[in-house]
Amino acid sequence: MSAEGGVDPLGAQPDSSGSPSTVIVQQPSASDSMASNPAKRANGPGDLPGELMCRPLGLVVLTGLDVTYNAVHRAIWDSFSANRRPDRVPLYFKAWPADHEYPKCRSKQRTSYEWYIPKGIIKSGWMKKHLQQVPALVVVFFDLDWDENMWKERQMECATRVEVVRTSLHGRGTRVAVVLIQKNAPLPPGEDVIAAERAAALCAACELSAKSLFVLPCVDHLLGYTIRLENAFYELTQGYYHTEARRVKAHREFLNRTTHQLLFVRHAFKFAFFSELKQDTHGALKQYKAAYTHLTELRAHDTNMLEIKTIAGFINYKVCRLCFFHNTPLDAISQFRKHVDLFKNKIGCAELAFEHSAWMSKQFSIFGELFEEAIKLGLTAIQTQHPGFYYQQAANHAIARKQLCRGLCHAATAMPASNPLEDADNLEFYGQRPWRQGHQSIDPPDPQMEREGILALQYLESQVDHSWIIIPLLSSAVAQFKKYKSARMKRNLMVQMGEEYYHAKDYSKALTLLGRVTWDYRLERWWQLLTSILGTSLRCAYLVASVEEYVTICLELLGRYSQSSPEERTRVQMNLIRVLSNNSPEPEPGCASDAVEQARQLWKTMCSPQSAPKAFRVEMRNLVPFVECKARFTCLRFAADELVSLEVCLRSSCQFPIQFSKLAVQLSNQAYNSQCVISDGRPLTYADGMAPSADAESHGNLYLMPGKVRLHKFKFAVLPEDVGRKLEISSICLSLGDEANARCAVLYWQGGGADAASLTNIHEVVTHTRGPPKPDQLVWERISIEQTTSVHPRPARVHIELDHQPPCLVNEYYRFKATITNNEDETITKPTMSIGLQEGQNEGLEKSTEVSLDPESFLKTSCPGRIKNISLGTMKQSNKVEKTIYIRCTQLGSRVISVRVVYNVEIKISSSDTLQPVSCTCYQEQSVTLQTLLPFDVSIHLTSLKFKPIDYVNSGRPFLLMTDIKCTSPWPIAISNSTLKLSDDVRPTDSLDSQVSNVVLKNEEHASECVCVQAPSHPETGLIALGSCELEWKRDSMNDDLPLVKTTLPLPEVSIQPLPLAIETDIPAFGVVRSPLFVNFTISNRTSIVQTIEASVQASEAFMYSGHKQVFFRILPSSCQTLSYNLYPLVAGYVQLPELQLNTPQAPTMTKEITAAMLPSHIYIKPQGKAIISA
């Protein structure tokens, strides 16, 4: 029984018994892609057999496995054949029965080639035989355990199976091995003595070496045992193929250069092939190169030229593939170039020259596929060297093959009766002619049979549709040039593909493919190429009866850059008119007669009376049509009370005048579209016998003469919603044909009318005439496209006068007076005014600006920064309206105040009675920059009772709060009142009445007030807030009806420090010389402990005094002690008092400086008065 699983490398199907076969999973290669394409496997010059293109793998045959009924055997087979990864040994497994018939070998090996004349180079079945039929190793699987009870009988049965295998091999050198399938795992080596003895006995009975006997335990980890077996099998196959290669090499000693030149090539090829089978790729490459060298030394003539080129293609494929495999792409490219240069001129039989072109095409395509496959595996190509060039050359040779076929095969109309190609599939040697196999002489053996053979080959070639050979090659080349960003090469090849589709009669694909490249040729202005492509496209459109494509191509073939002859342009224009009139066009020249007949039937169906009228749109932006269009607004700006003027210029470049049916301009606001339409009901075709007139006016508004510019004007009134916006021409539609009764092509220009040529060429806007044009002449090049215009409001005729007194002061109620005067000739309706901060300014300014019509509203709530839609009532001509607005700015800065007046007025924009008066909304705006200043600069500071600045205050001690007000306003400021609001932390020592009430300050003038306050007696150390100061003021020049502005200024915070002792002095305001002066010093203890104090009074030259000069005393907590002194002044003036000094050990904070600050230092002493003696 036989069983095979997996995929045969040659694509072989399972045999008739239904047994599967297996093969190692090969790595992807170029050969795989070629074998997958049926078109490339077709027999022909240069085609490669599948056994050459696959990766050679050693063949191992497994016998003795019952994969159908034995589960264990099936598991073993699956472990060898299923899911083979690339990291497993490169072997190809098959399961055959033991008595399988292998190919017979020669009974007697050749020992001399003296009289041997070779009939060919390589036999056609040799590679397949060694890949699939002759194994390198046959493995016999046998179920036998070492502890088998019937050992002798089983041993003899195993030996018999091995003998059957050897007999079926017919004496070949194929290796034979035995694998014993056992149920139990083997013991370690040396421990099982019985196993060793029985293994030796089994090897002797089967005539095997110990290295050819293996044990396979059917336990867990079967795959691991299988991989170990595979490695052993691989070593055995290596030995077999090495022996075969040496045997072939030994034959070279019997060869001579005179009669055995073919054998030198054959033996080198066989040696290289065996090297590949044992995976020696470097040795194989060396031998293939040697075989190629021997092949080039052969004498070539017409009878053996095909065989030499065939074998050369085989060897070149092997060399290039191995070079790519070894990552030496430059060697592969060099070998291929040498190969092509050597054989490109060796055509052979001239009557079969198409075979040489086919062979050359195949060489380039195969190398391109090898190159592409190498790139997929990691090779890096460049823009100047990639597979696309080889695919392109293959396509060029295929095109040459088609041309040679047309010239050489026209006489071969039938296969000769003798059929010399009958044995073409059963050739003994590659590349030989079927009617003279094995013939190596220069002259053919049978000239008559030679002529019939050539005729048969010509007949077969004439039956080949070459386009389907060329198209895939061009497609592969396009993909490569696209990948490597060669745009022009890609377009050129796409044009060739389109032409081949045309020759293959696949007109739809040809039309689609050619349409993809026309835009690029328009862009680069290759007009001659574009005209040629459009001619082919027109034939395709005719043959598939595509009305839209046919009309579109005709529009461009009649264009200004078309290179067609005048006669051709005339024919195209006539056909265009026929199609749009729902008639069939005349056949295009150059079309096949059978295709024309089919096309006529299609057109007849399309043009039947039952077919409904059809309108289709043609995008002009992608074409260069025969009619040009430019649209423009006559002005870049229109007022709301003006008519918008729009002009559309048309020019035709076709051979004869042509009639259009409708012109429509579509604007961004569709409400105007109905006013921008021209319809012309003239027929598209002329009556029989009536010549076209040269007078365009007699044929309506849309009758265009060749080369003449036709101008169409449109005017319309602006709608109110478009005022302040841009108006844009969206598109222009020009209808060619009868939309109601026949066919109509709507020529569609996006925007202002530019087409593909004017969009890409600067010379389209350069005039070709000199000097200024005539008054009634339109120069096309000087007409510019203006597709947008802006609609501005009608200029307002009102006057705005603003009356105010800048600058504005912070927080004041700034009076702003606006006077609006109507200077219109009509009464204006719905006038409104908006005033306030101009939009778009700083956000901080918006928050600090308030506007109101009533100043009292500022005191009630927060007001907005702008008042809108203040009604002004109906204003007749010359009427004036005054509005007073108040603005309050709470922060400094410059801000723009704007006044905007909006009103409606009825305006008649035309003298025609057909247009109704238009209601125009007019806007007038006036703005002024308002600078905001501070009204005054207030400084507040603290001093002691001696008017010395202080940074802190002592608890319970009075101090002075000094306020200085400086006027910084250019206008006089009237201060109505000032209010001092003290916090709870301090209290005044006298009245808080305002000292600056009803004071008027001019610029740079000052006003001050002084208040004596006292800090609490027992606060904690820290900062205390003194309160705030509020000023009520306004401009002195303003009326009294405005409320006062209240400005609140915060008083500074001050640090307070508590003292353990307080000293109060009771002393008169002044003294008199030599008059007693009584002074009392009261010292209070503010602490919770008893204070011990030493008091002393320093002597002074200005006073005599009585009292304690030095005294010690204690003061209980919250108690006081009074020291009394009687001073006797001796001098007059501002005299320094005797200094009282205190020494307080329990109160170290009472320093000398603090004590001195709490005591008066000087007193004013008056002199004694003198009595006045009267005379």
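The values are calculated or read from the model by the stated rules, or taken from the named source; none is laboratory data. In this text the structure is predicted, and so the values were computed from the model without any measurement. A quick note on method: Cβ atoms are made from the backbone with ideal geometry, for glycine too, and the neighbour counts reach across all protein chains shown. Keep in mind that these areas ignore ligands, DNA and RNA; they rest on the heavy atoms of the full protein, side chains included. Shrake-Rupley method; radii C 1.70, N 1.55, O 1.52, S 1.80 Å.
Between the residues VAL139, SER894, GLN924, the greatest Cα displacement towards the positive end of the dipole of the chain, with unit charges on the Cβ of Lys, Arg, Asp and Glu, is found for VAL139.
Modelled label positions at SER857 and LEU1116, each set 7 Å beyond Cα in the direction of Cβ, lie 7.1 nm from each other.
Candidate cross-link partners of LYS908 among the lysines, defined by an alpha-carbon separation under 24 Å and a same-chain spacing of 8 or more, comprise LYS713, LYS715, LYS726, LYS830, LYS876. Extension gain for HIS792-GLU846 works out to 16.6 nm (0.36 nm per residue, less the C-alpha to C-alpha distance). Sorting LEU187, LEU460, LEU514, LEU377 by accessible area puts them as LEU377, LEU187, LEU460, LEU514; the probe is 1.4 Å, largest comes first, and only protein heavy atoms count.
From its DSSP helices (H runs of at least four residues, each -39,500 (n - 2.57)), the chain gives a residue-normalised ellipticity at 222 nm of -9500 deg cm²/dmol. Close amide H pairs (under 5 Å, H built 1.01 Å from N) link VAL179 with VAL140, PHE141, PHE142, PHE214, residues at least 5 positions away or on another chain.
Taking a straight line from the alpha carbon of LYS289, these aspartates and glutamates sit under 19 Å away, with near neighbours fewer than eight places off in the same chain left out: GLU276, ASP280, GLU297, GLU307, ASP331, ASP341. 3J(HN,Hα) along region 239-246: x, 5, 5, 5, 5, 4, 5, 5 Hz, from the Karplus curve 6.51 cos²θ - 1.76 cosθ + 1.60 with θ = phi - 60°, whole Hz, x for Gly and Pro. When ILE973, ILE950 are compared by accessible area at a 1.4 angstrom probe, the order from most to least is ILE950, ILE973. May I ask for the distance between the Cα centers of region 135-158 and region 298-356, given as a whole number of Å? Rounded to whole Å, the Cα centres lie 52 Å apart. One Cα centroid belongs to region 168-241, the other to region 380-427; the line between them spans 53 Å.
Annotation for region 435-506: chymotrypsin sites (Phe, Trp or Tyr not before Pro) lying in DSSP loop with at most 13 further Cβ atoms inside 10 Å of their Cβ do not exist.
Counting only heavy atoms of the protein chains and using a 1.4 Å probe, HIS294 has close to 40 Å² of accessible surface. In this view, the solvent-accessible surface of PHE947, computed with a 1.4 Å probe and all protein chains in place, comes to about 130 Å². Using a cutoff of 8 angstrom between alpha carbon atoms and counting only pairs six or more residues apart, the relative contact order for the chain works out to 5 percent. For the chain, DSSP calls about 80 percent of its internal beta bridges antiparallel.
Placing unit charges on the Cβ atoms of the charged side chains and taking the dipole of region 451-554 about its Cα centre, the candidate lying farthest along the positive direction among PRO472, TYR484, HIS503 is TYR484.
For region 437-447, backbone phi angles converted through the Karplus equation (6.51, -1.76, 1.60; θ = phi - 60°) give residue-by-residue couplings of 5, x, 9, 10, 7, 6, 8, x, x, 9, x Hz, Gly and Pro being listed as x.
Where a ≥ b ≥ c are the square roots of the eigenvalues of the C-alpha gyration tensor, would you call the chain rounded, which needs a/c under 1.5, or, failing that, prolate if a/b is larger than b/c, or oblate?
In terms of gyration-tensor shape, oblate.
Note on region 494-542: with charges restricted to the Cβ of Lys and Arg (+1) and Asp and Glu (-1), its dipole about the Cα centre is near 120 debye. Working from label points 7 Å from Cα in the Cα-to-Cβ sense, the THR293 to THR570 distance is 7.2 nm. The overall shape of region 981-1108 is oblate: from the C-alpha gyration tensor, with semi-axes ordered a ≥ b ≥ c, the ratio a/c is 1.5 or greater and a/b is no larger than b/c.
DSSP finds beta bridges in region 945-1085, and of those with both partners inside it, around 95 percent are antiparallel. Each Lys and Arg adds +1 at its Cβ and each Asp and Glu adds -1 at its Cβ; summed about the Cα centre, region 549-658 shows a dipole of about 180 debye. Amide hydrogen proximity for ALA796: with H placed 1.01 Å from N in the peptide plane, the residues at 5 or more positions away or on another chain lying under 5 Å are TYR923. Dipole of region 262-343 computed with +1 at Lys/Arg Cβ and -1 at Asp/Glu Cβ about the Cα centre; of HIS294, ASN316, HIS326, farthest Cα towards the positive end is HIS326. For VAL779, no residue 5 or more places off, or on another chain, has a built amide H under 5 Å of its own. Here the relative contact order of region 104-250, from alpha carbon pairs under 8 Å that lie six or more residues apart, stands at 28 percent. Dipole magnitude for the chain: about 2960 debye, using +1 per Lys or Arg Cβ and -1 per Asp or Glu Cβ, origin at the Cα centre. Ordered by 1.4 Å accessible area with all protein chains kept, GLU843, GLU207 run largest first as GLU207, GLU843. Anisotropy class assigned to region 364-473 is prolate, per the alpha carbon gyration tensor with a/c at or over the 1.5 cut-off and a/b larger than b/c. Leaving out same-chain residues fewer than 8 places away, which aspartates and glutamates sit with a Cα under 14 Å from that of LYS376? Once the sequence-local aspartates and glutamates are set aside, what remains near LYS376 is ASP32. The HN-Hα couplings worked out from phi for region 527-544 by the Karplus form 6.51 cos²θ - 1.76 cosθ + 1.60 (θ = phi - 60°) are 5, 5, 5, 4, 4, 5, 5, 5, x, 5, 5, 5, 5, 5, 4, 5, 6, 9 Hz, whole numbers, x standing for Gly and Pro. Here ARG55 sits with roughly 80 square angstrom of accessible surface, probe radius 1.4 Å.
With just the Cα atoms defining each centre, how far is region 549-596 from region 1093-1156? Give it in Å. Taking the Cα centre of each part, region 549-596 and region 1093-1156 sit 131 Å apart.
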